[in-house]
Amino acid sequence: MIDLPGKIRAFVAVRIPDAVLAQLVSIQQQLKCKFGDVSWTRAEAMHVTLQFLGNIESARLPALEAALRQAAGQIPSFEMELAGLGSFGHRVLWVGVNRGVEPLSRLAEAVRRATKGFGAHEEERAFNAHVTLGRFRKSSPNVTRILRESGAPNFDSWRVSEFELLRSELSPNEARHTGLGVFRLGE
């Protein structure tokens, strides 16, 4: 086990395979000429968040891992495919999920139930599956029009057979994510 401080910032996510990451980076490159003031997400930091936990006590990690293992066993593996471009309030650029929305939502709900009470953050909003491409440094009013004109990108599908518990360490320039555990879905 890695040496951890008393509390860590953590979240649970589905990682994205390299081929799809390359497609996401290609979309970012196309959008860079259309949006200037964006902090772009690094490929290695891209994922689909199932549950943000906030600060958790490191001493509770074994219990959290046991709860996540149990949640993972409840959901069978499934096919997933990304699709579409959008923004949250002209602040965040994202790619959505086209295929696998229902099983992904069930997985997120199982993870949410399993992690209740472990973190400092309790999510109240409905699950909204997406991959963050970048964050605007200041509001960009023409986002919707520009994204619509950009067209719908195509992505390869992949089989989701696991999810991860990740530690997030923030710095002024970026967040670094370190894997704490991998949880296999039920077959």
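The numbers here are math on the coordinates, done by the rules we state, and not lab data. The model shown is predicted, which means the values in this text are computed figures rather than measured ones. In this analysis, Cβ positions are derived from the backbone assuming ideal geometry, glycine residues included, and neighbour counts consider all displayed protein chains.
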Computed ³J(HN,Hα) along segment 128-137: with the Karplus parameters 6.51/-1.76/1.60, θ = phi - 60°, integer Hz and x for glycine or proline, the list is 9, 5, 6, 10, 7, 8, x, 10, 5, 6
Where does each of 52-60, 32-40 land if you order them by average Cβ count within 10 Å, highest first? 52-60, 32-40
Filtered hits (lysines, Cα-Cα < 19 Å from K116, offset >= 8 within chain) -> K7
The orientation-averaged projected area of the Cα convex hull of the chain, in nm², is 10.7 nm²
Once the in-chain neighbours fewer than 8 apart are removed, the lysines whose Cα is under 19 Å from K32 read K138
